[in-house]
Structure formats: structure tokens, C-alpha cells
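> Let me give you the structure first, and then I'll get to my questions.
The values are calculated or read from the model by the stated rules, or taken from the named source; none is laboratory data. Everything numeric in this text was worked out from a predicted model, so none of it was measured. Every residue, glycine as well, gets a Cβ built from its backbone with ideal geometry; the counts of neighbours run over all protein chains shown. Accessible surface areas use protein heavy atoms only, side chains included; no ligands, DNA or RNA. Shrake-Rupley method; radii C 1.70, N 1.55, O 1.52, S 1.80 Å.
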Amino acid sequence: MILLDVKNLTLELELAGEWVKALDKINLVINQGQIHALVGESGSGKSLIVKAIVGALPNKRWKITADRMNWRGQDLLSMSVQKRREIVKSDISVIFQNPINSLDPLLNLGDQLKQSINIAALPKHLFWQRNQYKNRRVEELLHRVGIKNHERFLKTYPHQIPSNLLQKFMVAMALASDPKLIIADDPTRGMEVTSKAQILRLLSRVNQVKDTSILFVSHDLLAISSMSHCMTVLYSGQTVETGELQQLRKRAYHPYTQALLDSAPSFRKDLPPKSPLTTLAGTIPTLHHLPIGCRLGPRCPRARKECVVTPSPRKIHGHYYSCHYPLHWAGR
Amino acid sequence: MDLINVENIRFEDKISRLFTPARTVFSLGPVNFDLQAGETLAIIGDNGSGKSLLAKLLVGLETPSSGKILLNGLALSTAHHKQKCHDIRMIFQNSTGSLNPGITVGAMLEEPLILNTELNVQERLSKIDNTLRLVGLLDDHKFFYRHMLSDGQKQRVALAKALILDPKVIVADEPFAALDPSVRSQTVNLLMGLQRDLGLGFIFISHNLGIVRHVADKILVMENGAVIESGKTDVIFNWPKEDYTKRLIETHQQLVNSQYN
């Protein structure tokens with residue numbers, strides 16, 4: 001079943017009197033029980049997509065248009081703010097990128113976690129027992145993400161806790177409401193390998209046991225490829241390639257995907273130590289200086305005259321790519 | 001001869017209150033290692049294991065409570081402070097935060113030259129141009145302010161800041177963590193190239209074991225302020241001895257292997 005279906009999502013913002021397309025025709029489909037990875041470098045609009053889905057962008061500064069943006073058949077864009085909030089509250093939970101900024105500095109962690117618990121999911125109880133049940137649930141959640149002495153932890157405030165523990169706490173908070181979709185915005189950033197593996201294992205276990213879908217936003221390809229089923233690659237606000245992870249890894253059609261895969265040394269077993277890594281020249285364009293057409297154009301080794309026109313997505317066996325000269329057209 | 005020798009360096013962080021004896025909060029060391037010219041040493045370990053502190057001790061931001069650092073066989077002490085500023089330079093974790101937003105890149109790079117060398121204005125300017133070109137920027141970038149640069153360029157400026165005094169050793173605290181994949185491999189290539197050309201000793205802290213394996217010659221594993229294991233990269237990666245190292249390498253291998261089946 002399709003949970004989230006986004007087609008041609010375009011997001012414009014005003015920069016120096018001009019409307020700039022920060023997201024340009026993004027397509028994204030998430031099925032139930034699937035871990036979908038969203039890969040892109042900073043400034044490619046990963047976090048903007050997340051915010052557009054949950055409706056966390058104020059309408060005044062942004063223009064959001066989409067052919068469709070459906071959550072289980074209901075149109076998210078045309079429904080009332082109230083209704084959308086209800087859906088987002090009960091079905092979608094987000095692990096935001098920067099835990100210290102997204103937690104309330106004035107409430108202790110226990111209160112914040114209790115607020116996000118779904119009361120309907122607690123066992124049948126009378127109202128005076130509610131707090132007791134909540135406490136039990138909080139304890140269970142913290143142990144699940146690997147936070148040990150919960151009693152002391154719950155009384156502390158966000159600034160007293162190191163950021164990698166807070167990151168785990170954010171995961172616990174996301175699990176608290178028993179969501180159908182977890183959007184994880186770079187949940188393993190800056191973690192060392194063991195706690196990263198722990199979080200990844202936890203997320204994939206939640207996915208298997210409860211059939212929860214996960215939208216995994218990151219640029220850590222190692223983490224992504226260890227757990228996800230599908231992958232969407234973004235470059236500067238355009239979807240570059242979408243497909244099953246195995247297919248993409250085996251054979252990428254878009255030059256950018258290939259460059260991304262090549263840039264991680266752990267992906268290549270045959271790479272001798274200290275040899276230069278393959279890279280694309282140049283850096284990611286800023287929003288003020290977006291190139292026309294295919295935005296990879298100025299950096300792309302295969303760019304030609306036609307690349308000033310935005311390529312339309314093409315499809316081979318459920319594997320979408322948008323490029324005028326994809327990698328499998330070797331000779332032409 | 002070794003480029004840098006670190007012998008039994010220790011550091012103790014003490015809290016003393018009125019009427020109570022001083023209490024040691026964190027103790028580091030003893031740390032021993034040596035590094036040849038052109039070699040790379042990686043420091044890995046958990047958060048809070050004292051990696052950044054060790055880096056700070058090496059560049060002289062903190063003074064060790066005992067032990068010594070020898071550079072080319074000469075002890076670095078306060079008497080040789082100027083030499084230390086010259087020969088060991090640091091790249092900080094957060095390249096945005098370590099650049100001054102109020103002055104141009106050129107002014108930022110000129111500062112260490114004014115403080116540590118006797119060059120005149122002309123020589124300083126040409127030195128700045130050369131260094132900017134060395135790290136792959138243009139001469140014109142010296143007129144830029146911090147906010148006009150992209151992430152990769154900021155990292156390059158941070159590197160130029162470290163290179164401007166022709167150091168022998170560069171100490172970097174997570175230089176690749178905040179970078180995107182494509183910019184990251186550019187920086188890795190740049191550092192490896194510079195190391196080859198200039199014979200720099202490079203000491204860096206990283207969480208990314210893939211890069212550590214690719215770049216480093218030697219590894220130092222730290223846990224709770226103590227060095228628990230050190231040695232050649234492929235020895236550590238193939239035959240780790242300590243439990244902590246085994247766990248670290250195993251999880252990394254699992255992540256890597258899980259993509260191939």
C-alpha cells in the first residue's frame with residue numbers, strides 16, 4: 001500500500017526580489033513497510049522536503065505547489081491546517097537534525113517524552129492510572145534506544161546531555177507515538193560507529209516488527225546501504241535518480257549517483273590505500289546562482305549542449321533517472 | 001630521525017574547592033607515539049575519550065602536566081614557543097566557527113605572518129597568494145569574507161590558515177565530519193597531495209573508519225583518556241587486540257559487508 005505519494009513538488013522562495021525554485025519537481029513514493037533513503041548533499045533540499053511533508057514551513061515566505069501530495073489517499077495540501085496537524089501528530093513522527101535546537105529547553109526530558117506518547121495506544125486504564133502507565137512506557141522506550149539509567153536521565157534538561165545521547169532520545173520520542181511513518185533527518189550525524197550501528201539496528205527492527213515505513217534522510221551512504229530498500233538521490237533540489245538500492249548500487253545511470261558512490265572509500269574493496277579518490281570538480285551551487293536546465297551541468301563530466309534543458313524523468317524497470325546522457329549510453 | 005616524538009604525555013583536569021582536597025575529574029595518558037615526515041596518524045575513540053584534548057596538547061592550547069614533545073629531536077617548551085607556532089598548526093573541527101566573520105580571508109591569513117615572521121608587506125601578500133593557490137583557491141579569494149564561501153572553500157581556507165607558516169606537522173580535529181561526500185573526497189585528495197609534495201606529518205581525529213583506513217599509516221585507539229592500542233593501520237584493522245577496538249572494527253566491517261549480499 002502506498003503511504004505517501006508526492007508528485008512534482010515544487011517549492012519556491014523569494015530571494016532578492018526573485019522567486020527561486022529551491023525544490024524543482026520532486027517525486028517521492030513511500031510504500032508501507034519500506035525503508036526509503038533520501039540522499040543528497042547539504043543544500044540539496046533534503047530537509048526542505050521533510051518540512052514540506054509535515055507542513056512545518058510557514059506559508060508566507062514559501063510557495064508550495066504539487067501535482068499531488070497524498071497521505072494514504074488524502075490530499076495533504078488541500079486539507080485544513082487542523083486536520084493536517086492531526087494526521088501528522090498521529091501517523092508521522094520526525095527525528096529532526098539538530099536535537100538541541102528542536103527540544104524545549106525549559107522542560108525536562110521526561111515531560112517532553114511523556115507529551116508525545118499516544119494515549120490511545122496505552123493499555124485500558126482509568127484516568128488516575130494514566131501517569132503510571134505513561135511512566136512505564138517512557139522507561140521501556142528509553143531502554144529500547146539504549147539509554148541506561150533512565151531515572152536520572154528523565155530529570156535532566158537538554159543542555160545537560162551530550163548530543164549523541166540526545167540523538168538517541170529523539171529516536172525514542174519518535175517511537176513514542178507509534179507512527180506509521182518515521183522521518184529520520186540525519187539521525188546518525190556525528191556519531192561514532194558503535195552507537196550508529198545501534199541506532200540503525202533499532203530503526204530496522206522497528207521497521208520489521210511493526211511494519212513502520214521509514215524515510216531515512218542522510219548523506220552517509222554506508223548507513224543508508226546497510227538498511228534501506230529504496231533510494232532517491234537529490235542534487236540541488238532536483239531528483240536525479242530513484243530506484244531499488246541493489247539496482248542502483250549495481251548499476252547507476254546518472255553520473256552524479258556514480259560519483260557519489262565512488263566518493264566513499266568504504267564502498268570499494270579494491271581501492272589501494274592512499275590512492276586519490278574520484279570526485280566531481282567544483283562545489284554545490286548556492287541558491288543565488290542556480291544553473292539552468294540540469295543543475296549538475298557545470299560539474300558533470302558528460303555534459304553537452306542539450307543539458308541546458310531540464311531532463312524529464314525516464315524509467316527502466318521501476319528505476320527512474322533524469323539525464324540526457326545517462327551512463328549506460330556509452331558510445332553515443 | 002623522527003619528525004615528532006611524544007613521550008609519556010599526561011594531563012590531569014582537577015577541580016579544587018575550598019576545604020576539600022583537589023579531585024581529578026579527567027586524566028589523560030600516558031601517551032607515546034612517533035611520526036615520520038610524510039606519515040599520517042589517525043586517532044579514533046569514543047566521544048569523551050580525550051581525543052580532542054590530545055590534539056590540543058600537541059598544538060599547545062593546553063599544557064601537559066608531565067611528559068614532553070620532541071620535534072626533530074628538540075624539546076618543545078615555552079622557550080621555543082615561536083617555533084611551536086611555526087611547526088605545528090591545527091585545523092579545528094568546525095571550519096565555519098574558526099574563521100573570523102569580520103575580516104577578509106586575506107587579513108585572516110596575514111595575522112599569523114605578522115605575529116610569527118619578519119616578512120614585509122610585499123612578501124606577505126605573495127605568500128598569501130601562493131598558499132591560496134596551493135589549496136586550490138584563487139588569489140581573489142583573499143578579498144572574500146566568511147559568508148561568501150561554500151563549505152568546501154571554508155575548509156580550504158582553514159587548511160590555508162594552517163599551511164601559511166610552512167608547518168611540519170598539521171593536527172586536525174575531525175576535518176571531514178561536517179563535509180558532504182563529494183567535497184569530502186576533494187579535501188582528502190588535497191591533503192594527501194600536499195602531504196606527498198611537502199612531506200607534512202598529519203595527525204587527525206575521525207569517526208569515519210572508511211577514511212581512516214584509506215588515509216592513515218598508523219592508528220591510535222583511545223578509551224577513557226588512555227591509549228589502549230596503537231600500531232599500523234592494516235594490523236589494527238585485521239588483528240585488533242583490545243575488546244573495544246574489536247567491537248569498533250567489527251561493526252564497521254558489518255556495515256561495509258552488508259551491502260555486498
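> So in the stretch A:2-228, what percent of DSSP beta bridges are antiparallel if you round to the nearest 5?
Around 60 percent antiparallel, to the nearest 5.
> What is the helix-to-structure angle for A:193-210, meaning the angle in degrees between its Cα long axis and the longest Cα principal axis of chain A, kept from 0 to 90 and rounded to the nearest 10?
With both axes taken from Cα atoms, the answer is about 80 degrees.
> Please say if the protein assembly as shown is rounded, prolate or oblate, where rounded means a/c under 1.5 for a ≥ b ≥ c the square roots of the C-alpha gyration tensor eigenvalues, and otherwise the choice is prolate for a/b larger than b/c and oblate otherwise?
Oblate is the answer for the protein assembly as shown, as a/c is 1.5 or above yet b/c matches or exceeds a/b.
> Tabulate in residue order the Karplus-calculated ³J(HN,Hα) for the stretch B:51-56, using 6.51 cos²θ - 1.76 cosθ + 1.60 with θ = phi - 60°, rounded to whole Hz; enter x for Gly and Pro.
5, 5, 4, 4, 4, 5
> How high is the relative contact order of the stretch B:1-132, in percent, with contacts defined as C-alpha pairs under 8 Å that are six or more residues apart?
25
> A further question follows. Between 0 and 90 degrees, rounded to the nearest ten: what's the tilt of helix A:81-91 against the longest Cα principal axis of chain A?
Around 80 degrees separate the two axes.
> Across the stretch B:134-144, in residue order, what do the Karplus-derived ³J(HN,Hα) couplings come to in whole Hz, using 6.51 cos²θ - 1.76 cosθ + 1.60 with θ = phi - 60° and x for Gly and Pro?
4, 8, x, 10, 9, 4, 5, 5, 6, 8, 7
> Would you please give the residues with an amide H less than 5 Å from that of B:Ile9, counting only those at least 5 places away or on a separate chain, with H modeled from the backbone geometry?
Excluding prolines and chain starts, which carry no amide H, the hits are B:Val31, B:Lys68.
> Starting from the amide H of A:His254, placed 1.01 Å from N in the peptide plane, find each other amide H under 5 Å away whose residue is 5 or more places distant or on another chain.
Here the answer is A:Leu327, since their amide H atoms fall under 5 Å of that of A:His254.
> Between the alpha-carbon centers of the stretch A:1-19 and the stretch A:230-262, tell me the distance in whole angstrom.
Taking the Cα centre of the stretch A:230-262 as reference, the centre of the stretch A:1-19 is 20 Å away.
> Counting only helical runs of four or more DSSP H residues, what would the 222 nm mean residue ellipticity of chain A come to if each run contributes -39,500 (n - 2.57) and the total is spread over all its residues?
Value at 222 nm, helices only, nearest 500: -9000 deg cm²/dmol.
> For the pair B and A, how large is the buried accessible area, both sides, in square angstrom to the nearest 100, if the probe is 1.4 Å?
3100
> Moving to a separate point now. Hey, if you put +1 on the Cβ of every Lys and Arg and -1 on every Asp and Glu Cβ in chain A, which of A:Val6, A:Thr65, A:Gln132 ends up farthest toward the positive end of that dipole?
Of A:Val6, A:Thr65, A:Gln132, it is A:Gln132.
> Could you check how much of the accessible area of chain A is carbon and sulfur, as a whole percent, using a 1.4 Å probe?
Whole-percent figure for carbon plus sulfur exposure: 52.
> Moving to a separate point now. Where the only charges are on Cβ atoms (+1 Lys, Arg; -1 Asp, Glu), what is the dipole of the protein assembly as shown about its Cα centre, to the nearest 20 debye?
So the dipole magnitude of the protein assembly as shown works out to roughly 1640 debye.
> With a ≥ b ≥ c the root eigenvalues of the C-alpha gyration tensor of chain A, is it rounded (a/c under 1.5), prolate (a/b larger than b/c) or oblate?
Taking the square roots of the gyration eigenvalues as a ≥ b ≥ c, chain A is prolate.
> For the stretch A:2-228, with every protein chain kept in place, what is the accessible area per residue (1.4 Å probe, Å²)?
On a per-residue basis, the stretch A:2-228 sits at 47 Å².
> For every helix of n ≥ 4 consecutive DSSP H residues, a contribution of -39,500 (n - 2.57) applies; sum these over chain B, divide by its total residues, and give [θ] at 222 nm rounded to the nearest 500 deg cm²/dmol.
For chain B, the value works out to -12000 deg cm²/dmol.
> Same structure again: Which whole-number percent is the relative contact order of the stretch A:2-228 (Cα, under 8 Å, 6+ apart)?
With pairs under 8 Å counted, the relative contact order is 28 percent.
> Quick check: the distance between the Cα centres of the stretch B:24-48 and the stretch A:36-89, to the nearest angstrom?
Cα centres, the stretch B:24-48 to the stretch A:36-89: 46 Å.
> What net charge is computed for the residues neighbouring A:Glu41, neighbours being all others with C-beta under 15 Å from the C-beta of A:Glu41, Lys and Arg scored +1, Asp and Glu -1?
Net charge in that neighbourhood comes out at -1.
> Within 10 Å of each Cβ in A:275-287, how many Cβ atoms from other chains are there, averaged over the peptide?
Neighbouring Cβ atoms belonging to other protein chains average 5 per residue here.
> Rounded to the nearest 10 degrees, what's the angle between the helix A:130-144 long axis and the longest principal axis of chain A, both from Cα atoms, 0 to 90?
Once rounded, one gets 40 degrees.
> Quick check: from the Cα gyration tensor, does chain B come out rounded (a/c under 1.5), prolate or oblate?
oblate
> Would you mind working out the magnitude of the charge dipole of chain A relative to its Cα centre, with +1 at each Lys and Arg C-beta and -1 at each Asp and Glu C-beta, to the nearest 20 Debye?
380
> Something else about it: For Cα pairs less than 8 Å apart in space and 6+ apart in sequence, what is the mean separation divided by the residue count of the stretch A:201-332, i.e. the relative contact order in percent?
Value for the stretch A:201-332: 22 percent.
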